[in-house]
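**Q** Can you read through this structure? Questions will come right after.
The values are calculated or read from the model by the stated rules, or taken from the named source; none is laboratory data. These numbers were taken from a predicted model, which means no experiment stands behind them. In this analysis, Cβ positions are derived from the backbone assuming ideal geometry, glycine residues included, and neighbour counts consider all displayed protein chains. Ligands, DNA and RNA are stripped out before the accessible areas are found, and what is left, the full protein with its side chains, is counted by its heavy atoms. Shrake-Rupley method; radii C 1.70, N 1.55, O 1.52, S 1.80 Å.
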Amino acid sequence: ILPIFIVFISYGLLGGEQFFIFRGNYWDNMNYISTSMLINEMNINEIYKLEKNPVNESNAVIFNGSKNILFRPLISAVLAQLFNFKIIGYFFTTYFFKAILMSKLFLSFYFLLNQIQIKHKYILSLIFTFSFWSLFIFEIDALSQLGASTLFISGISILIANKKNLFFDYYNFNLFLLISISLFFVYPEQCLIAGYFIFFYILFQKNILNIFHNEKWKILFGIIIFIIATLPSFKTNYLSMYSLIKFASISSVDWWGYYGLFLTGNFEEILNEKYIQQIKSIVSQDNEFIFVFKSIKDFMFDHNFYLIPFNFIPSFFGMYYLTVSNLNSILNLILFVGTILLNFYLILILFKNLRYYIQRENNLSILFVSSITGFFVLVLFFFFRNSYWPIIKLYSYLGPLIFLIIAIEVKKNSISKYGVNYVVLFLLLIFPIYKFSDLNSGISRYDTFPSIINPKYKKNITWKIDGDIKKCEEISYYFPDKIINGYISIKLYDFGFSYFDDNKMVIKNSKLSNKNITCVVRLEDEKFKIIYAKKTN
């Protein structure tokens with residue numbers, strides 16, 4: 001895993017603060033950091049008091065941290081331990097932590113491939129780690145999901161490792177139970193979805209009735225142990241899971257407009273805020289699916305977005321960057337022809353592999369067939385509820401399986417049942433080269449892949465404080481923008497300051513300080529500058 005870790009860290013140091021501060025989802029990035037800082041500074045009783053007595057928004061670290069500290073806090077607690085090592089600063093330490101999680105993701109995927117018994121495991125795992133699906137989670141700063149993905153893949157590995165059934169092997173059963181409990185602690189929503197897919201997996205077993213008859217006590221034992229082990233996290237995990245799922249499943253949640261835009265392909269024209277809002281407006285209306293479909297079709301043709309349907313299949317399989325949005329040049333025309341061929345090629349691979357899996361009864365085949373069935377059932381459920389954000393989230397959970405279903409080449413007449421599809425691997429390997437070959441104000445290449453919610457935060461602001469903060473005993477700041485306030489407060493904590501009141505911070509152990517200088521942080525010419533003044537009594 002060392003080469004993977006070195007690549008991420010090296011690129012982060014090369015890009016500097018402008019790159020690793022607020023990668024994609026600056027809200028989650030800032031919330032995770034603030035929560036971890038509070039976990040280091042407070043005991044549990046103080047944390048519960050914060051929940052009952054919310055603070056002013058300008059007190060950004062405490063405000064952001066206290067809002068999220070009781071929502072599945074385990075990954076924040078782990079990050080908090082890294083903060084104790086003070087690796088360059090809070091923002092870089094968080095990026096450092098993400099690099100560790102990506103390395104673990106590689107390790108778990110390698111373990112999965114060991115169970116499949118496929119050749120070129122290292123190369124295949126390496127490409128998955130740098131593929132669209134892994135970098136999607138990395139870029140949107142979904143730390144809990146990134147940590148949970150390792151456990152999710154490990155759980156899949158245990159499932160398919162058993163030649164008979166999961167409950168037959170005592171060792172694997174207990175290991176699977178331990179992984180399930182861990183997954184719930186890290187990310188309860190994904191654990192719930194994993195349970196849903198396990199249900200389908202068991203349902204598709206040939207001897208399902210015998211399994212339930214022979215293993216009913218072991219199943220009951222597993223459920224009881226799971227509940228007993230996870231019940232202490234009732235407030236932080238069970239209640240938060242319920243509230244988050246309830247919130248995400250209502251049609252007014254339009255986060256899919258940011259996270260799911262890649263499905264249109266490499267469509268730079270659609271990044272216009274006006275167009276995004278128009279699409280959201282069409283979808284958010286409580287109309288029948290047929291009406292919504294017709295309205296979006298009319299919108300696409302009115303704005304010359306008629307190439308989007310050709311982009312959907314390549315984009316779904318992680319290759320949005322190989323599509324085009326217009327035919328205004330010879331190069332785009334050639335790429336469009338390539339997109340058409342890619343559509344046919346991916347459909348051919350999918351049908352060939354699925355036909356093989358449907359005809360076989362081994363664990364991997366059952367996993368693919370049951371997962372696809374479960375996926376479509378949930379997609380239809382959310383579609384008819386006009387709730388599209390959970391579909392994108394569900395898609396991101398199943399990234400490892402989507403990757404495998406096109407990356408594996410089934411071999412009928414071979415000692416080894418599974419090979420690798422070199423064409424697909426080559427095409428997927430283009431993505432990180434394409435995406436990160438341009439720093440672009442720290443965004444990387446700006447397209448429909450979710451690298452930043454609002455590019456103005458990268459293009460119009462240099463995320464670095466210009467001046468010697470160590471001269472200051474007190475420092476004040478106020479910006480009407482919550483993101484900027486959150487950034488400044490975290491950076492000041494980096495330099496050893498703590499809150500005095502809502503928008504003023506003082507150096508810790510200020511009684512020992514004789515600097516007698518008060519400072520103000522201002523944003524001038526896209527840079528944060530320190531204004532110095534003598535402290536008055």
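**Q** Could you name the lysines in cross-link range of Lys49, using Cα to Cα under 19 Å and dropping any fewer than eight places away on the same chain?
**A** Straight-distance partners of Lys49: Lys67, Lys235.
**Q** Treating the beta-carbon of each Lys and Arg as +1 and of each Asp and Glu as -1, no other charges, what is the dipole magnitude of the chain about its Cα centre, to the nearest 20 debye?
**A** The dipole of the chain has a size of about 1120 debye.
**Q** Let me check against my output: what whole-number percent is the relative contact order of the range 369-468, with C-alpha pairs under 8 Å and at least 6 apart?
**A** 11
**Q** Among residues other than Glu57 whose Cβ falls under 12 Å from its Cβ, what is the net charge (Lys/Arg +1, Asp/Glu -1)?
**A** Net of charged neighbours comes to 0.
**Q** May I pose another question? Cross-link candidates for Lys216: which aspartates and glutamates have Cα within less than 15 Å, leaving aside residues fewer than 8 places away along the same chain?
**A** Asp169
**Q** Near the amide H of Phe22, under 5 Å away, which other amide H atoms are found, from residues 5 or more places off or on another chain, if H is placed in the peptide plane?
**A** Correct list: empty.
**Q** Relative contact order for the range 304-369 using alpha-carbon pairs under 8 Å, separation at least 6, rounded to a whole percent?
**A** 23
**Q** Something else about it: Add +1 for every Lys or Arg and -1 for every Asp or Glu among the other residues with Cβ under 10 Å from the Cβ of Leu113, and state the total.
**A** Summing Lys and Arg as +1 and Asp and Glu as -1 gives +2.
**Q** For Lys206, list the lysines whose Cα falls under 16 Å from its own Cα; do not include residues on the same chain fewer than 8 positions away.
**A** Answer for Lys206, where 16 Å is the Cα cut-off: Lys163, Lys164, listed by chain and number.
**Q** I need the semi-axes of the equivalent ellipsoid of the range 5-144: take the C-alpha gyration tensor, multiply each eigenvalue by 5, square-root it, list largest first in whole angstrom.
**A** 32, 17, 12
**Q** How would Trp255, Trp463 rank on accessible area, largest to smallest, probe 1.4 Å?
**A** Most to least solvent-accessible, the answer reads Trp255, Trp463.
**Q** Once amide H atoms are placed 1.01 Å from N in the peptide plane, what residues at a sequence separation of 5 or more from Phe500, or on another chain, have their amide H within under 5 Å of its amide H?
**A** Met505, Val506
**Q** What list of ³J(HN,Hα) couplings, whole Hz, do you get for the range 112-125 from phi and the Karplus terms 6.51, -1.76, 1.60, once you set θ to phi - 60° and write x for glycine and proline?
**A** Per residue, the Karplus-derived 3J(HN,Hα) values read 4, 5, 4, 6, 6, 6, 10, 6, 6, 4, 5, 5, 4, 5 Hz.
**Q** At 1.4 Å probe size, with every protein chain present, just tell me what the per residue accessible area of the chain comes to in Å².
**A** On a per-residue basis, 47 Å².
**Q** Residues with amide H under 5 Å of Val420's amide H, sequence separation 5 or more or different chain, H placed in the peptide plane at 1.01 Å from N; which?
**A** Sorted by chain and number, the residues that satisfy this are Glu409.
**Q** Relative contact order of the range 1-80, please, whole-number percent, based on alpha carbon pairs below 8 angstrom and at least 6 residues apart.
**A** Computed over the range 1-80, the figure is 33 percent.
**Q** Then there's this: Projected area of the range 4-69, taken from the Cα convex hull and averaged over every viewing direction, in nm²?
**A** Computed as one quarter of the Cα hull surface, the answer is 5.6 nm².
**Q** On to the next question. Within a Cβ distance under 14 Å of Val369, other residues only, what is the Lys/Arg minus Asp/Glu net charge?
**A** Neighbour charge sum, excluding Val369 itself: +2.
**Q** So which of Lys86/Lys393; Lys459/Lys482; Lys121/Lys435 end up more than 21 Å apart, counting from Cα to Cα?
**A** Exceeds cut-off: Lys86/Lys393; Lys121/Lys435.
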